[in-house]
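**Student:** So that we are looking at the same thing, I have put the structure below in structure tokens.
The values are calculated or read from the model by the stated rules, or taken from the named source; none is laboratory data. As the structure is a prediction and not an experimental result, all values here were calculated from the model. Quick reminder, even Gly has a Cβ in these numbers, built from the backbone with ideal geometry, and neighbours come from all protein chains shown. Remember, those area values only see protein heavy atoms, side chains included, never the ligands or the DNA or RNA. Shrake-Rupley method; radii C 1.70, N 1.55, O 1.52, S 1.80 Å.
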Amino acid sequence: MAIRINETVPNLHLVTDQGNFDLHDWIGDSWTILFSHPKDFTPVCTTEFGAVAQLADEWAKRSTKVIGLSVDGVEEHKQWKCDIETFSGAKASFPIIADNDLAVSKALDMLPADAYLPDGRTAADSASVRVVFIISPDKKLQLSMTYPMSVGRNFAEILRALDALQTTYGAPLATPANWIQGQDVIVALSLNDEQAKEKFGEMDVKLPYLRTVKNPT
């Protein structure tokens, strides 16, 4: 079964180009983004890994760790990183999970249980391994996105979604459509008007069920 939002991600033992570790230990107390790929040395994925490398300072500002996954081995990952860094002009300092036996992809429900890699396989054989997971410090899945092979991921949107998750995490707040950091946020309906004003101050009541306040974070 797929991992649902607010479920704890499995504490998988991971083999990466930066050593082996258990996922929960690696997450620690940080936010984490896991982004997966069907194969090394593929064009769209190279641009995506490059974008992640270029955003290193943005991840750090948000106390967020990033980790990749690709359905190849450690040595291929190390060689591919040279291409990624040449293309992007940025250091690819994040680890990449080696998943040539598909164990992690299957455990995270990216592939059917009976999936296998045929001889001479191409990225199409593991095409569904193109997801983004955002995981909170309590090791629970907060957001997932799945992409087809032909569409490169929009990492500006991933950053925006991360900002929204961190703003609303553990708070009776939500963000409206197209929200970006610094804009007003929505008060959850779990608070009545009096409780909302006590907690957040003055509200802009656009509709009885749509009340906004200044972002408190």
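**Student:** Considering only the stretch 63-72, I want to know if a residue exists there that is in contact (Cβ under 8 Å) with a residue 60 or more places away in the chain and among the charged types (D, E, K, R).
**Tutor:** Checked the stretch 63-72: no residue is in contact (Cβ under 8 Å) with a residue 60 or more places away in the chain and among the charged types (D, E, K, R).
**Student:** Related question: State whether the residues of the stretch 114-135 include one that is buried (at least 19 other Cβ atoms within 10 Å of the Cβ), assigned to a loop (DSSP other than H, G, I, E, B) and at pLDDT 95 or above.
**Tutor:** no
**Student:** Answer yes if at least one residue in the stretch 160-169 is β-branched (V, I, T) and surrounded by 14 or more Cβ atoms within 10 Å (Cβ to Cβ), and no otherwise.
**Tutor:** Looking for residues that are β-branched (V, I, T) and surrounded by 14 or more Cβ atoms within 10 Å (Cβ to Cβ), one finds at least one in the stretch 160-169, hence yes.
**Student:** Based on what the data block shows, is K106 within 19 Å of V132 (Cα to Cα), in contact with a helix residue (DSSP H, G or I) (Cβ under 6 Å, 6 or more places away or on another chain), open to solvent by 10 Å² or more (accessible area, probe 1.4 Å) and at pLDDT below 95?
**Tutor:** no
**Student:** State whether one or more residues within the stretch 41-55 are aromatic (F, W, Y) and touching a residue at least 60 places away in the same chain (Cβ under 8 Å).
**Tutor:** no
**Student:** Shifting gears a bit: Applying the selection to the stretch 174-195, what residues are without any contact (Cβ under 8 Å) to a residue 24 or more places away in the chain and among the hydrophobic types (A, V, I, L, M, F, W, C)?
**Tutor:** A174, A177, W179, I180, A188, L189, L191
**Student:** Quick one: is S93 free of Cβ contacts under 8 Å to residues at least 60 places away in the same chain and on the phi > 0 side of the Ramachandran plot?
**Tutor:** When the stated conditions are applied, S93 does not pass them.
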